[in-house]
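Here's the structure, in structure tokens; my notes come after.
Please treat every number below as a calculation from the coordinates, not as lab data. Owing to the predicted nature of the structure, the values given are computational and were not obtained by experimental measurement. Here the Cβ positions follow ideal geometry from the backbone for every residue, glycine too, while neighbour counts run over all protein chains shown.
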Amino acid sequence: AQSVTQPDIHITVSEGASLELRCNYSYGATPYLFWYVQSPGQGLQLLLKYFSGDTLVQGIKGFEAEFKRSQSSFNLRKPSVHWSDAAEYFCAVGNQAGTALIFGKGTTLSVSS
Amino acid sequence: DAGITQSPRHKVTETGTPVTLRCHQTENHRYMYWYRQDPGHGLRLIHYSYGVKDTDKGEVSDGYSVSRSKTEDFLLTLESATSSQTSVYFCAISEKSGPYEQYFGPGTRLTVT
């Protein structure tokens, strides 16, 4: 069965520092991968997606993610974090035959000044 | 932002009462989903719809029913609310089925006392 693991429940990063949020998936074939961000009291916003092709994908708000098949990972990165990036981040996976996305449990990002 | 609204945004109800949550979209997307979000669980699929009058169950469908009589509206009903259904409910829409990106509404916070 498909699954998504986000190993870090909570991460604190200093403003201006780099960020990497981890995501590991379990799926036999090539997965379709997504990162969403949720600000407090808001719905989820799509940051980026990977379907195929270039393993480094660019998203909105300066985020990028790299698909590594050998590690079953799809980690989210940002070179310089801003205070407004404080939010909860969700990794999700889907497959061609699926009807919905499978979400990880999320990582809460705090940004310190 | 995708045109998705949810109503009500907040609701407090008593155990045993019926509750209906509404999701309305203006994007004319065929696929609509209801998720619930709980701390430590991420998002879990309740029900989804693949067209008018076409619905199916998700991972956590017990105690919930849905209806879709128009493309733009997807209703989630709790026939007899229980405290375990206290949660934040999100509606999502997608143009295509399977692994394609989904766009989320702002959520409904439901408290069952």
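Details
- About its Cα centre, the protein assembly as shown has a charge dipole of approximately 160 debye under the convention of +1 per Lys or Arg Cβ and -1 per Asp or Glu Cβ, with nothing else charged.
- Here, the range B:32-87 is characterised by an Rg to Rh ratio of 0.98, where Rg is the alpha-carbon radius of gyration and Rh the Kirkwood radius.
- Other protein chain Cβ atoms within 10 Å, averaged over every residue that makes up A:100-108: 6
- Label point distance in nm, B:Thr15-A:Gln71, each placed 7 Å from Cα along Cα→Cβ: 4.8
- One equal scatterer on each Cα of chain A, no solvent, Debye formula: the resulting log10 I(q)/I(0) at q = 0.24 Å⁻¹ is -1.45.
- Sites A:Ser14 and A:Ser52 - FRET efficiency at Förster radius 35 Å, r taken between beta-carbons, to 0.05: 0.50
- Seen from all directions on average, the protein assembly as shown presents a Cα convex hull projection of 12.2 nm².
- Given in Å, the Rg to one decimal and the Dmax to the nearest whole number for the Cα atoms of the range B:4-113 are 12.9, 38.
- In chain A, Cα pairs under 8 Å separated by at least six residues give a relative contact order of 37 percent.
- A Förster distance of 30 Å, applied to the separation of the beta-carbon atoms of B:Lys53 and A:Ala1, puts the FRET efficiency at 0.55.
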